[in-house]
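*Asks:* Got a structure for you, written out below as structure tokens; questions coming shortly.
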Amino acid sequence: MAVVKVSLMDALREHFGFDSFKGNQEIIIQSILSGKDTFVIMPTGGGKSLCYQLPALMSSGCALIVSPLIALMKNQVDLVRGYSSKDNVAHFLNSTLSKAQIKKVRTDLLTGKTKLLYVAPETLTKQENLDFFRELEISFIAVDEAHCISEWGHDFRPEYRRLKEMIEQINDKLPIIALTATATPKVQSDIVKNLGLNDPNIYISSFNRSNLYYEIRPKRKKDQTIKDIVKYIHQHKGKSGIIYTLNRKTTEELADMLTANNIKAVAYHAGLDPTTRAQRQDMFLHEDVEVIVATIAFGMGIDKPDVRFVIHYNIPKSLENYYQETGRAGRDGLEGNCVCYYSHKDVQKLEHLMRDKPLSEREMGAQLINETVAYAESAVCRRKVILHYFGEKYETEDCGQCDNCRNPKEKIEVKNRVVIVLKAIRALEERFGSEYVVNVITGKTSPQISTYRHDQLEVFGEGKEFDAHFWNSLLRQMMLEGLIEKDIEEYGLLKVTDKGKKFLKKPYSIMVALNHQFDEEGSEEEEE
Ligand code: ADP
Ligand code: ZN
């Protein structure tokens with residue numbers, strides 16, 4: 001790739017007017033400019049766009065940016081144009097353009113004026129576009145929102161699966177940069193595999209949002225919960241907040257209840273007409289209302305820096321969703337409070353919503369819900385659980401910014417029980433998931449266990465004085481401590497890590513807090 005020789009810092013100043021790079025930006029840009037495949041994992045707001053925009057502007061030829069959302073594409077192009085004096089430096093090519101507009105874009109591309117071309121994956125499925133791109137000098141391909149490639153991501157797009165084959169048709173030597181704000185280890189490996197990234201440089205930024213306070217509250221009867229929410233909002237009088245609910249009807253109901261309690265609130269959901277939606281969004285941005293009660297339709301592309309609280313009236317369907325939705329609090333780095341109401345009923349409701357989906361999707365959905373449940377019930381630092389979900393280690397003992405750290409539960413010694421778990425996983429040759437391991441430890445027979453003669457193992461039933469709930473909780477904490485891990489490729493198989501092996505050789509004291517218990521009584525069913 002031919003690169004115009006100027007220092008990166010000068011280029012940053014010239015093109016964007018910024019004085020310094022944010023986070024990993026500089027090293028990422030160097031990686032792309034050197035022609036290496038590059039994988040960027042950076043939380044929202046971290047400054048991902050600049051990672052491909054600047055090298056695109058510095059390279060000869062045009063960079064292709066694959067982006068899943070047509071609506072955001074125009075936005076992106078306008079932003080780039082805003083920094084430049086020339087309008088044709090960036091274009092997008094998708095199904096919304098007229099014939100005349102497409103012709104203009106092609107002319108600008110052929111004359112080398114355009115440095116960034118945003119395309120939808122659909123654009124790349126058209127042979128005539130691929131043929132056209134083949135004739136152009138393309139500097140590199142950027143795949144934005146790369147998690148869309150994975151069924152384990154929160155926004156799977158089947159067209160993304162075909163990207164590799166389409167890119168190869170343009171030129172199989174093009175460097176690829178993949179970017180995402182949301183990648184668990186499983187999603188990461190899917191991205192590398194599906195895009196065929198060649199020995200990529202991988203840059204993972206921390207997902208820790210140290211200014212956010214995380215809290216779980218038990219969800220009781222409806223009017224009690226609403227009372228609790230009203231009280232909470234009064235304690236944050238005059239501040240902006242978002243309340244997320246599962247369904248449209250609840251957004252309206254809650255907004256009405258809040259209004260009746262002297263809180264300025266509006267509902268927001270996909271069932272409203274676009275004008276009303278735009279109006280309500282503006283009311284929130286301009287602080288004509290304090291609270292917006294929304295389904296997850298609200299938030300994409302919303303940038304209000306001083307949202308002070310995000311309340312989840314229902315638990316979200318994955319921890320990834322929770323992270324994204326709570327991430328809208330405290331964007332300015334100041335106070336942000338995240339409260340989530342939790343009940344078993346809401347978990348069942350989420351499961352119920354998947355009833356008509358194909359089996360594989362249901363299984364995947366159930367796994368994701370499981371992680372959220374584990375988060376809610378855990379007595380471990382919330383931050384630690386969230387970051388572990390993103391494959392990040394958080395070693396601090398007490399984050400001071402979550403309910404579990406502020407009000408720790410009493411801890412118990414589990415050294416010998418940890419040994420039992422490790423021995424069981426080893427005895428099962430690391431070929432089984434949590435449920436099976438727990439069955440063996442608690443001495444629960446099943447046809448499979450008999451067939452494999454696992455009821456003959458020394459560890460079989462060795463932990464029967466505690467129930468499955470206890471052992472599951474312990475397994476999770478052992479994962480957090482890095483003593484065991486789940487196999488990423490074959491989802492769910494438990495393995496003993498090096499740290500776990502060392503522990504087995506020389507066990508040491510381990511204290512853990514047992515899970516919170518949420519009573520079934522009191523929480524109330526609402527209809528959809
Ligand atoms: P992401 O795509 O990761 O969510 P963006 O690319 O939208 O993040 O960037 C977030 C904000 O940070 C934008 O307002 C952008 O202009 C700003 N930004 C990015 N890089 C820099 C930098 N080096 N210096 C100052 N501001 C930056
Ligand atoms: Zn904590």
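*Asks:* Given the -39500 (n - 2.57) contribution per DSSP H run of 4+ residues, what per-residue ellipticity at 222 nm results for the chain, rounded to the nearest 500 deg cm²/dmol?
*Replies:* Mean residue ellipticity, 222 nm, calculated: -12500 deg cm²/dmol.
*Asks:* How many angstrom separate the Cα center of the stretch 155-228 from the Cα center of the stretch 128-149?
*Replies:* Result: 20 Å between the Cα centres.
*Asks:* While we're on this one: Any chance you could run the full-extension gain for GLU351 through ASP303? It's 0.36 nm times the residue separation minus the Cα-Cα distance, nm to one decimal. If you can, show how the numbers build up before the last one.
*Replies:* Numbers: separation 48, 0.36 × 48 = 17.28 nm, distance 3.11 nm.
Full extension from GLU351 to ASP303 adds 14.2 nm.
*Asks:* Whole percent per 20 Å bin, from 0 to the bin with the longest distance: what is P(r) over all C-alpha pairs of the chain?
*Replies:* 20, 49, 29, 3
*Asks:* Oh, and also: So the label point goes 7 Å from the Cα of ASN211 along Cα→C-beta, right? Which residues of the stretch 233-249 then have their backbone N under 14 Å from it?
*Replies:* 240
*Asks:* Express in nm, to one decimal, how much length is gained between ASP155 and LYS499 on full extension, taking 0.36 nm for each residue of separation and deducting their alpha carbon distance.
*Replies:* Working: separation 344, 0.36 × 344 = 123.84 nm, distance 3.43 nm.
Residue separation times 0.36 nm, minus the Cα-Cα distance, leaves 120.4 nm.
*Asks:* Turning to a different aspect of this structure: Take every DSSP beta bridge with both residues inside the chain and express the antiparallel ones as a percent of the total, to the nearest 5.
*Replies:* Numbers: 7 of 55 bridges.
Given both bridge residues lie in the chain, the antiparallel proportion sits at roughly 15 percent.
*Asks:* If R0 is 35 Å, what FRET efficiency do you get for GLN235 and ASP282 from their C-beta distance, rounded to 0.05?
*Replies:* Rounded to the nearest 0.05, the efficiency is 0.85.
*Asks:* Once the Cβ-Cβ distance between SER7 and GLU430 is put in as r, and R0 is 41 Å, what FRET efficiency do you end up with, to the nearest 0.05? Before the final figure, lay out the partial values.
*Replies:* Values: r = 50 Å, r/R0 = 1.23.
Between SER7 and GLU430 the formula returns 0.25.
*Asks:* Quick one: Kirkwood hydrodynamic radius for the stretch 254-335, alpha-carbon pairs, angstrom, one decimal?
*Replies:* Values: mean 1/r = 0.0748 Å⁻¹.
The Cα-based Kirkwood calculation yields 13.4 Å.
*Asks:* Okay, moving on. Let's test this: bin the Cα-Cα distances of the stretch 330-387 at 5 Å from zero up to the farthest pair and state each bin's percent.
*Replies:* 4, 15, 21, 20, 16, 13, 8, 4, 1
*Asks:* To the nearest 20 Debye, how big is the dipole of the stretch 144-246 about its Cα centre, given +1 on the beta carbon of each Lys and Arg and -1 on that of each Asp and Glu?
*Replies:* 1020 debye
*Asks:* A further question follows. For a quick check: with amide H placed at 1.01 Å from N, whose amide H comes under 5 Å from ILE216's, ignoring anything fewer than 5 positions away on the same chain?
*Replies:* Under 5 Å from the amide H of ILE216: CYS340, ASP403.
*Asks:* Give me the distance in nm between label points sitting 7 Å out from Cα along the Cα-to-Cβ direction at GLU395 and SER98, one decimal.
*Replies:* Here the answer is 6.2 nm between the modelled labels.
*Asks:* A follow-up question, please. Could you calculate, for the stretch 77-180, the ratio of the Cα radius of gyration to the Kirkwood radius, expressed as Rg to Rh? Don't skip to the answer; put the middle values down first.
*Replies:* Values: Rg = 14.1 Å, Rh = 14.6 Å.
Here the Rg-to-Rh quotient is 0.96.
*Asks:* How large is the Kirkwood hydrodynamic radius of the stretch 216-366, in angstrom, based on all distinct alpha carbon pairs?
*Replies:* Averaging 1/r across every pair of different Cα atoms and inverting gives 15.8 Å.
*Asks:* Also, quick follow-up: Could you please state, rounded to a whole Å, how far the C-alpha centre of the stretch 68-93 is from the C-alpha centre of the stretch 269-337?
*Replies:* If we compute the Cα centre of each part, the gap is 25 Å.
*Asks:* While we're on this one: Obtain the nm distance between the two label points defined at ASP467 and GLU413 by a simple spin-label model: each point lies 7 Å from its Cα along the Cα-to-C-beta direction.
*Replies:* 2.6 nm
*Asks:* Right, something else. Under 20 Å from a label point 7 Å along Cα→Cβ of ASP223: give me every residue in the stretch 237-274 with its amide N that close.
*Replies:* 250-263
*Asks:* Residues with amide H under 5 Å of VAL66's amide H, sequence separation 5 or more or different chain, H placed in the peptide plane at 1.01 Å from N; which?
*Replies:* Sorted by chain and number, the residues that satisfy this are VAL119, ALA142, VAL143, ASP144.
*Asks:* Can you list residues from other chains, or at least 5 along the same chain, whose modelled amide H is less than 5 Å from the amide H of GLY35?
*Replies:* Here the answer is none, since no amide H 5 or more places off falls under 5 Å of that of GLY35.
*Asks:* OK, next. Under the 0.36 nm per residue contour assumption, what length would be gained going from the current alpha-carbon distance of ARG406 and ASP332 to full extension?
*Replies:* Working: separation 74, 0.36 × 74 = 26.64 nm, distance 2.37 nm.
Residue separation times 0.36 nm, minus the Cα-Cα distance, leaves 24.3 nm.
*Asks:* Given the convex hull over the Cα atoms of the stretch 85-144, what projected area results after averaging over all orientations, in nm²? Walk me through the intermediate numbers first.
*Replies:* Numbers: hull surface 17.4 nm².
Hull-based average projected area comes out at 4.4 nm².
Where a number appears in this text, it was derived from the coordinates with a stated rule and is not lab data. All values reported here derive from a predicted model rather than from experimental measurement. Using ideal geometry, Cβ is built from the backbone for each residue, glycine included, and neighbour counts are taken over all protein chains shown.
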